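Read the structure below first, then the notes.
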Amino acid sequence: MLANNNLKICRTLVKREFRFHRVRSLLLVIAAALVTALYTFVFLMGTAVEEAYLLSYEYNYGSTSHILYTGLTEGQADAVAENAGIKSTVRLSTIGQLTDPMVGQRLIKLAVTDRDYAETVLSLPTTGKMPEEKYEIALDEFTMNSLGIAHELGTPVSLQWTDPEGTAHTTDFTLCGWWESSTNFTEACAWITEGTARSLVPGYRDADAHNVTLGVTLHQPRNLGQAAQEILDTQGVSGVSFTTNLSYNQALMDTAARQAFGKGISY
């Protein structure tokens, strides 16, 4: 069967079809447009649903970083940050964690103020400010509510906490800011100034202090578990724990795609 590739003839036939069957041709055009619009809408809706699932996974993880390395020294953090596969890093130094029984199973880190890190863990004060003066503190609302702290700037705050050596302390602070935190966040930060940290734990910046958390963003965020270990091996860093962003977990990505588009969809 010969194929007619003459564009001029095809255009003539289309014009004749429209001329002699105007209503039918118009209905066909409208139907085609509606079907196209419907499929476009379904695809966009499915994509939006999929992205919503991935965002919820990231929200449950509690950080926008691809990888979180914990328990590093400053030197180890510097070594990891030099890896060629890393796009950017954020860094957190902690001096201990809150141990008040009312906190429950949540891990609240008493940490030195770092705005870049705070942005990646959704922990920037929306009321008040980050600590600037000695013994100022900023907390998330869920922690404040658990401890019965009034939502009023300047409120005296007495906190029980434990340093890295396991020694218990009770310290008085002044509330300078807070932010809303989801109840499903199992970790949070209580922000203090570097001056406060040095007063409470003078050696927290020592070379052998394993109190640094490093948030890592990769150029190509794939197979994060494998990539995280390869970075440690390449940089010669050992004895370090890490977690990876749930929104890049292959099983969860496949689940999000199936829930958004149906079975048979995978990355």
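The values are calculated or read from the model by the stated rules, or taken from the named source; none is laboratory data. Predicted model only: the values in this text are computed from it and were never measured. Cβ: placed from backbone, ideal geometry, glycine included. Neighbour counts: every protein chain shown.
Please determine whether any residue of segment 241-248 is modelled with pLDDT of 90 or more, under 20 Å from Ile95 (Cβ atoms) and out of contact with any Pro (no Cβ under 7 Å at 6 or more places or on another chain). Checked segment 241-248: at least one residue is modelled with pLDDT of 90 or more, under 20 Å from Ile95 (Cβ atoms) and out of contact with any Pro (no Cβ under 7 Å at 6 or more places or on another chain).
Among the residues making up segment 183-207, those that are in contact with an Asp or Glu (Cβ under 9 Å, 6 or more places away or on another chain) and closer than 19 Å to Ala138 by Cβ are Phe185, Ala188, Cys189, Ala190, Trp191, Ile192, Thr193, Gly195, Thr196, Leu200, Val201, Tyr204. For segment 170-186, the condition holds for at least one residue, the condition being that it is of a type outside the set (S, T, N, Q), within 16 Å of the chain's Cα centre (by Cα) and exposed (fewer than 15 other Cβ atoms within 10 Å of the Cβ).
Met144 meets all of the listed conditions (1) in contact with a helix residue (DSSP H, G or I) (Cβ under 9 Å, 6 or more places away or on another chain); (2) over 24 Å from Tyr204 (Cα atoms); (3) surrounded by 15 or more Cβ atoms within 10 Å (Cβ to Cβ) but one, namely (1).
Taking the numbered list (1) more than 26 Å from Asn245 (Cβ to Cβ); (2) touching an Asp or Glu at 6+ places or on another chain (Cβ under 8 Å) in turn, Met144 passes all entries but (2).
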